[in-house]
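Notes follow the structure.
The values are calculated or read from the model by the stated rules, or taken from the named source; none is laboratory data. Everything numeric in this text was worked out from a predicted model, so none of it was measured. Please note: Cβ atoms are built from the backbone with ideal geometry, for glycine as well, and neighbour counts cover all protein chains shown.
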């Protein structure tokens, strides 16, 4: 659940209290009538840095937030899929892109927005891409052509920088935390 | 939300329909009255393989499921923490254990229960542990002493096996998928 709940999803009462349940250490929304506890947990995002003949695939966002800015294909993981399946699905949905030689590239925490990003690297099969519903364009960029000022999210900029410095995933996985920079609003991947 | 919702958390109506929302590709619980969409996504678990003088820390579960079986300290990630903070918190909560030389060790998908496990490796500081509220005992095991038949979850057994074969994390991260084995029920880390 991504908005604050008002009614209990189990009994329908408007009696949610934001308090620490018995035996817990964190405050949760707890129903005062039926006792149901609404847990809210971080969301997992998976995506991919895809290369073809020295160029990197970027997608121009046709959705909010960061409409019109460039990003890697990435999105929220669905139930009953693996991280790798999610990265492949998002690449197909956002860029009609197939991945060869897929490998885990990075795993980052974004605690300010309660998201975790698992980015894979791979070869863009045949160099082919077409914009999906959430993209207005897809294009291949040489390292010199990457539009650094028009990248949609800090976590995407960080992965592009790591990729240009270290190359594709080879078993070694880059890890870390991306925090908001001063003056920036919370940056969220909200494309679904 | 971890149980099937009955009432809309936004408007309280008992009018949820399980269908594909407009512009989406997956079925969700959608409120027929107010249009609210309840997204349900995989849960992230973090934990740790902790070593002290050639022995590995295990915790005996004092909670369901798998009550009385042995496991690594691990649990669901909370909002606004990093993966590493989660692994440290769970180690403290379940085994009063502090971690030195922490490094990401493995990242596995468990699609049948919609969970992702990020396991860290590290040194058990001072070799000290005490059972927390969710454990009835903590103990250090040599590789020969590990109670393979009494390990709580397949994903924990897999991480112990990987650790004994490859040693602690050093930048290389083990990745994969754990599926249910024939005849086994869904295995879930449900300690909170």
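See the values below:
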read-out	value
Test: residue in region A:10-24 that is in contact (Cβ under 8 Å) with a residue 60 or more places away in the chain and assigned to a strand (DSSP E or B)	no
Filter result for the condition that a residue is part of a strand (DSSP E or B) and over 26 Å from residue A:166 (Cβ atoms), over A:49, A:30, A:123	A:30
Hits in region B:33-45 (condition: outside any strand (DSSP E or B) and more than 26 Å from the chain's Cα centre (by Cα))	B:33, B:34, B:35, B:36
In region B:25-46, residue nearest to residue B:153 (Cα to Cα) [restricted to those that are at the interface with chain A (Cβ under 9 Å from one of its Cβ atoms) and free of Cβ contacts under 8 Å to residues at least 12 places away in the same chain]	B:39
Positions within region A:89-112 being more than 10 Å from chain B (Cβ to nearest Cβ), within 23 Å of residue B:105 (Cα to Cα) and out of contact with any helix residue (DSSP H, G or I) (no Cβ under 8 Å at 6 or more places or on another chain), in sequence order	A:101
Some residue of region B:122-132 being within 27 Å of residue A:106 (Cβ to Cβ) and crowded, with 18+ Cβ neighbours inside 10 Å	yes
Residues satisfying the stated conditions in region B:1-13, i.e. closer than 30 Å to residue B:155 by Cα and surrounded by 16 or more Cβ atoms within 10 Å (Cβ to Cβ)	B:1, B:5
Qualifying residue in region B:128-142 (condition: at pLDDT 95 or above, in a loop (DSSP other than H, G, I, E, B) and closer than 20 Å to residue A:117 by Cα)	no
Where a residue in region B:128-148 is in contact (Cβ under 8 Å) with a residue 60 or more places away in the chain and its partner, wherever it lies, is exposed (fewer than 15 other Cβ atoms within 10 Å of the Cβ), with Cβ under 6 Å and at least six apart	B:143/B:164
Filter pass, residue A:16 being surrounded by 20 or more Cβ atoms within 10 Å (Cβ to Cβ) and over 29 Å from residue B:12 (Cα atoms)	no
Residues of region A:89-120 that turn out to be surrounded by fewer than 24 Cβ atoms within 10 Å (Cβ to Cβ) and part of a loop (DSSP other than H, G, I, E, B), as a count	6
Scan of region B:62-88 for residues that are more than 9 Å from every other protein chain (Cβ to nearest Cβ) and either assigned to a helix (DSSP H, G or I) or in contact with a helix residue (DSSP H, G or I) (Cβ under 9 Å, 6 or more places away or on another chain) (or both), ordered by number	B:68, B:69, B:70, B:71, B:72, B:73, B:74, B:75, B:87, B:88
